[in-house]
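Nothing in this text is a laboratory measurement; each read-out follows from the coordinates by a stated rule. The shown structure was predicted, so the numbers you read here are calculated from the model rather than taken from an experiment. Counting neighbours? That spans all protein chains shown, and the Cβs are built from the backbone with ideal geometry, glycine included.
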Amino acid sequence: MERLTRAVALITGGSRGIGLGIAHSLAAAGMAVAINGVRPREQAAGALESLARMQVPVLYCQGNIAEAAHRASILDQIRQQWGRLDVLVNNAGV
């Protein structure tokens, strides 16, 4: 687990559109960003690369937030990576 002094944000539906715009804004403010989407990681690679170029920690959490097990898995991934979650942006169109 990476210990961070910066805030950690999760943006659901953050791999494209408005969610990706929000992720870029939070990254520009210095936050670590976890983005969630239902698409495979390979299909979100461009979004992840654009965020990584902002020199902030980035994590992609694939899953459908309409499913309780997926939500739990997403939160577990964030906890394992950074140990906490400070900001949640519920952006996914579900």
*How far apart, in nm, are two points set 7 Å out from the Cα along the Cα-to-Cβ line at A52 and at R79?*
2.7
_Expected output is a single nm value to one decimal: the length gained when fully extending between N64 and T5, i.e. 0.36 nm times separation in residues minus the C-alpha distance. What is it?_
18.3 nm
*What whole-number value in cubic angstrom gives the convex hull volume per residue for the C-alpha atoms of the chain?*
82
*About its Cα centre, what dipole magnitude does the chain give when the only charges are +1 on Lys and Arg Cβ and -1 on Asp and Glu Cβ, stated in debye to the nearest 20?*
100
*Taking only DSSP H segments of four or more residues, each worth -39500 (n - 2.57), what value at 222 nm results for the chain once the sum is divided by all its residues, to the nearest 500 deg cm²/dmol?*
-11500 deg cm²/dmol
